[in-house]
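A quick write-up on the structure given underneath.
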Amino acid sequence: MNDDAETFYAQVGGHETFVRLVDAFYRGVAADDVLKPMYPEDDLGPAAERLTLFLEQYWGGPTTYSERRGRPRLRMRHMPFHVNPDARDRWLTHMRRAVDELELSPLHEATLWDYLQRAAHAMVNTFEPSGIGPERTPTASSLPLHPSDPTS
C-alpha cells in the first residue's frame, strides 16, 4: 500500500470513498436491464469487490487487485461481454450518479470523471445493437460488390 498522503486515493478519502462510489454505481446496475445480465454472478458483490480493488489500486491505494488477479488487462477482461455504445452510456450514467454522490472537490471530481469516461470509451468492443447482432436478411448494401460471374 502506498501510504503517501499525496496520492489521489488518500486525498479523496481512501477505501471508504471507493466503497461508496462502487456501491452507488452497482445500485444503478442492479436495476439496468442491459448491464445487469453482463455480470456472471447473481449477486453483484464479487463484481463490486473487483471494481473497488481495481480503482483503489489505480488511484494509488493498496495493490490487492494485482495480488489477487494479476495485471488488470481491462480490454481483455471485458472482451467476452457485449459492450456497445448503449452499454457504455448506461455504465457512464450509473457511474455519473455515483460520482455525484461522493461530493468531491471540483478538481478531484473532474480528475476521476475524466478517467472513468476514457475507460468506458476504451471498453467498447462492438457497435452491434445487442448480442452478436440481430439476424438480418440481406439488403442491397450487404450484397457483395462483385458477385461471381454466373457464366464461369
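Within region 66-75, is there a residue that is at pLDDT 95 or above and among the hydroxyl-bearing types (Ser, Thr, Tyr)? No: zero hits.
Among the residues of region 38-62, write down those that are free of Cβ contacts under 8 Å to residues at least 60 places away in the same chain, within 18 Å of GLN11 (Cβ to Cβ) and in contact with a Ser or Thr (Cβ under 8 Å, 6 or more places away or on another chain). If the condition is that a residue be free of Cβ contacts under 8 Å to residues at least 60 places away in the same chain, within 18 Å of GLN11 (Cβ to Cβ) and in contact with a Ser or Thr (Cβ under 8 Å, 6 or more places away or on another chain), then GLU56, GLN57, TRP59, GLY60 are the ones that fit. Per the conditions (1) more than 16 Å from GLU109 (Cβ to Cβ); (2) at pLDDT 95 or above, the sole criterion not satisfied by TRP59 is (1).
Of the numbered criteria (1) without any contact (Cβ under 8 Å) to a residue 60 or more places away in the chain; (2) over 15 Å from the mean Cα position of the chain (by Cα), the one GLN11 fails is (1).
Which residue out of VAL34, VAL29 is hydrophobic (A, V, I, L, M, F, W, C) and touching a Leu at 6+ places or on another chain (Cβ under 8 Å)?
Sole residue among the options that is hydrophobic (A, V, I, L, M, F, W, C) and touching a Leu at 6+ places or on another chain (Cβ under 8 Å): VAL29.
The values are calculated or read from the model by the stated rules, or taken from the named source; none is laboratory data. Source: prediction; values computed, not measured. Neighbour counts run over all protein chains shown; Cβ positions are idealised from the backbone, glycine included.
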